[in-house]
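The values are calculated or read from the model by the stated rules, or taken from the named source; none is laboratory data. Not measured: the values here are computed from a predicted model. As a convention, Cβ positions derive from the backbone with ideal geometry for all residues, glycine included, and neighbour counts pool all protein chains shown.
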Amino acid sequence: MVEQLSGALDDGHAASLIGLDRAATANLLRGLAQVASRLDALTATVLAHATQVRVEETNGATTTATWWADATHRNRATAHRDVTLALALSKFAALAEALAEGRVNTEQAHAIARALADLETDGPTDLDPVVVEQAEKHLVDCADGFDAKHLKVLGRHVLTVVAPEVGEAHEAKLLEDEERRAAEKTRLTFASDGHGMVHGRFSIPTLHGAMLAKAIQALTWARQDPAEVRQTRPTPVAAGAAFTELLERIDTKDLPTVGGVGATVVVTMTIDSLMDGLAAAALDTGEVISASEARRLACEAGVIPMVLGGQSEVLDIGRRRRFHTKAQRLAIAQRDKTCVVGGCDAPPSRCHVHHVIPWSAGGSTSVQDGRLYCSAHHAMVHDPKRAGRLRT
């Protein structure tokens, strides 16, 4: 049979496509895709047999999958995927038959097999085998109208279709487990490369991923002509631009603060640079940006410009109030940079402003008499037994 197939393929490669019109070409491609699926089904049957006869012992490989990878120069992940499907098809007869007949393609078969395997391992412990057979038949029938991606989603909910009396409770449990695992695995890391870029990666739950995607899409589509909006996934470049705009649009009033400076970026620049100069501006986080970028942010974004030489805000209000204003806290944060206790590098967002001369003892609420202390050291400075240990 293999020799006959090889000969037929030789004839096919030698055939001329001259005169093959559009409709005939479409039919030919559909036929070739069906033949490819049928051949994959046959390959899977032989692979399943290979696991039984331990074909890997012919060259000392550890598993059939590693032998298959070596023999065909596939990567190991693909080879393991092939063997997994082969073993699944030996168990799920309806799926194997559909693939052998070309009614299901190989990617669809992978999706269905994975859904059925998950149903057996993660489903109710007392799940009737008949329900699994019904799920298999239902997904095979669905393959006539859905691709592998949609079949994966349908497979996730198949139990609610074939056995709703247990499916709803099972799906609720799966969702709760997934959300718990997602919360445990949520991560965000980013770091500056020192050359004007910050790189990072994140892992977030499905809900928050959808929220981020919606925001990015909205900002991307907003730049397009309403009559020409293409509601497709933004390109990486467009998504990156939208993400930076999203950060600039965040209102600091919607974010919590510690010490009054939690989410406000302070840009320090000279009055000449603000007016039209070229000198760089400094961020309170230590980085520098161009004067033109600072001017843009000062006009459009939620950024506080601290202009050296300017007097746009009153920074010393003396005894009129006990707590420092936001402007005062920003000025103190810009001056102190971190908690003033030696060896402590807590940033302003994690610090309180401490009165050097206590307000209750007549001290003024001013920039000059304010100091940044992290919450731990602020508690120590007010503790007579521990205040002497602080080194500022």
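Keeping to the range 91-101, report how many residues are in a loop (DSSP other than H, G, I, E, B), more than 17 Å from K152 (Cα to Cα) and under 36 Å from the mean Cα position of the chain (by Cα).
Going through the range 91-101 one residue at a time, the tally reaches 1.
One line per residue, one yes/no per condition, for (1) closer than 18 Å to E107 by Cβ; (2) at pLDDT below 95; (3) in a loop (DSSP other than H, G, I, E, B):
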residue: H13; (1), (2), (3): no, yes, no
residue: S16; (1), (2), (3): no, yes, yes
residue: L20; (1), (2), (3): no, yes, yes
residue: A26; (1), (2), (3): no, no, no
residue: L29; (1), (2), (3): yes, no, no
residue: R38; (1), (2), (3): yes, no, no
residue: L42; (1), (2), (3): yes, no, no
residue: A48; (1), (2), (3): no, no, no
residue: Q52; (1), (2), (3): no, no, no
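Would you confirm, using the coordinates I've provided, whether T244 is under 19 Å from G200 (Cβ atoms), of a type in the set (S, T, N, Q) and either under 24 Å from the mean Cα position of the chain (by Cα) or at pLDDT 70 or above (or both)? Break it down stepwise before answering.
On the way: under 19 Å from G200 (Cβ atoms): yes; of a type in the set (S, T, N, Q): yes; either under 24 Å from the mean Cα position of the chain (by Cα) or at pLDDT 70 or above (or both): yes.
Here the answer is yes, as T244 does meet what is asked.
Answer yes if at least one residue in the range 155-177 is at pLDDT 95 or above and not in a helix (DSSP H, G or I), and no otherwise.
no
Checking the structure you have, find out if any residue of the range 102-110 is touching a residue at least 60 places away in the same chain (Cβ under 8 Å) and in contact with a Lys or Arg (Cβ under 6 Å, 6 or more places away or on another chain).
Yes: the range 102-110 contains one or more residues that are touching a residue at least 60 places away in the same chain (Cβ under 8 Å) and in contact with a Lys or Arg (Cβ under 6 Å, 6 or more places away or on another chain).
Within the range 152-209, track down each residue that is of a type in the set (D, E) and surrounded by 11 or more Cβ atoms within 10 Å (Cβ to Cβ).
E168, E171, D177, E178, E179
Considering T64, T106, T72, which residue is more than 32 Å from the chain's Cα centre (by Cα), under 28 Å from G31 (Cβ atoms) and of a type in the set (V, I, T)?
It is T72.
Given the options A361, A331, name the one that is at pLDDT below 70 and aliphatic (A, V, I, L, M).
Of the residues listed, the single one that is at pLDDT below 70 and aliphatic (A, V, I, L, M) is A361.
Right, E136: crowded, with 18+ Cβ neighbours inside 10 Å, of a type in the set (D, E, K, R) and either over 24 Å from I204 (Cα atoms) or in contact (Cβ under 8 Å) with a residue 60 or more places away in the chain (or both) or not?
yes
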